[in-house]
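**Student:** Attaching a single structure in structure tokens format; questions to follow.
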Amino acid sequence: FEKDMKNYRAGEVAIQNANKGEAMGMAIFKDGKMIADLGGIESELYNMLLGTLERSFISFGSEVSKKPVTLRLDQVRRPKYEIKVKDRTIKIHVFLESDIYSLPVDFKTEQIDKFEEEAKLCIEQTCQDFVAYCRDTLDVDVLNLSNVAKRNFWTIGKYEEFDFENKHYVVGAVVKDD
């Protein structure tokens, strides 16, 4: 999720194997038309917020170390969506466990707690930015949050009257370790 790392898309990855196939990124469709293609990082965010990530290896830059630190992330269970209709807020609780996979030589063990907090805040902010980008720039509900919001209304009429899809809502992503 480091902002300086390349967000690869299909066709941009250097392939050195005999099998030249690759799968990188995803496409977003609206009303039967492709409106955007997303890179590898955005695809991982989508899977994390949807609950289908399972395992990933992610490198982070850090204030603690100028060189990247790689974490192995495991999604321990599906996210929990907390929707408050009156406040127009959606909080997505993402449940991740992480293990440090590789450290730079200059990394000190007493810096691990600070780094883990930085990584957590980075994931939370990047998830919020991803949802805001899809909602505000692409005008799509890629996570199908409107269906989740329907559960907060007694009738479909009340839901339609509220006009969830045209209301701006604030999304907060919260990373928790279970």
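**Student:** Given the whole protein assembly as supplied and a 1.4 Å probe, what does the accessible area of Lys158 come to in Å², nearest 10?
**Tutor:** Near enough 110 Å² of accessible area.
**Student:** While we're looking at this one, here's another question. What percent do you get for the relative contact order of the range 35-173 when only Cα pairs under 8 Å and 6+ apart count?
**Tutor:** It comes to 26 percent, rounded to a whole number.
**Student:** Past the 23 Å Cα-Cα mark, which pairs from Lys86/Lys120; Lys67/Lys120; Lys80/Lys150; Lys91/Lys150; Lys66/Lys120?
**Tutor:** Exceeds cut-off: Lys86/Lys120.
**Student:** Also, quick follow-up: Over the range 37-178, give the accessible area per residue in Å² for a 1.4 Å probe, as an integer.
**Tutor:** Values: 8260 Å² over 142 residues.
On a per-residue basis, the range 37-178 sits at 58 Å².
**Student:** Subtract the Cα-Cα distance of Ile28 and Leu138 from 0.36 nm times their separation in residues, and report this length gain in nm to one decimal.
**Tutor:** 38.7 nm
**Student:** Label points 7 Å out from Cα along the Cβ direction at Arg78 and Asn152: separation in nm?
**Tutor:** Once both label points are built, they end up 1.9 nm from each other.
**Student:** Here is a follow-up. Can you give the log10 of the normalised intensity I(q)/I(0) at q = 0.15 Å⁻¹, computed with Debye over equal Cα scatterers of the range 35-151?
**Tutor:** -0.74
The values are calculated or read from the model by the stated rules, or taken from the named source; none is laboratory data. All of these numbers come straight from a predicted model, not from anything done at the bench. As a convention, Cβ positions derive from the backbone with ideal geometry for all residues, glycine included, and neighbour counts pool all protein chains shown. To get the accessible areas, we keep the full protein, side chains included, count just its heavy atoms, and leave off ligands, DNA and RNA. Shrake-Rupley method; radii C 1.70, N 1.55, O 1.52, S 1.80 Å.
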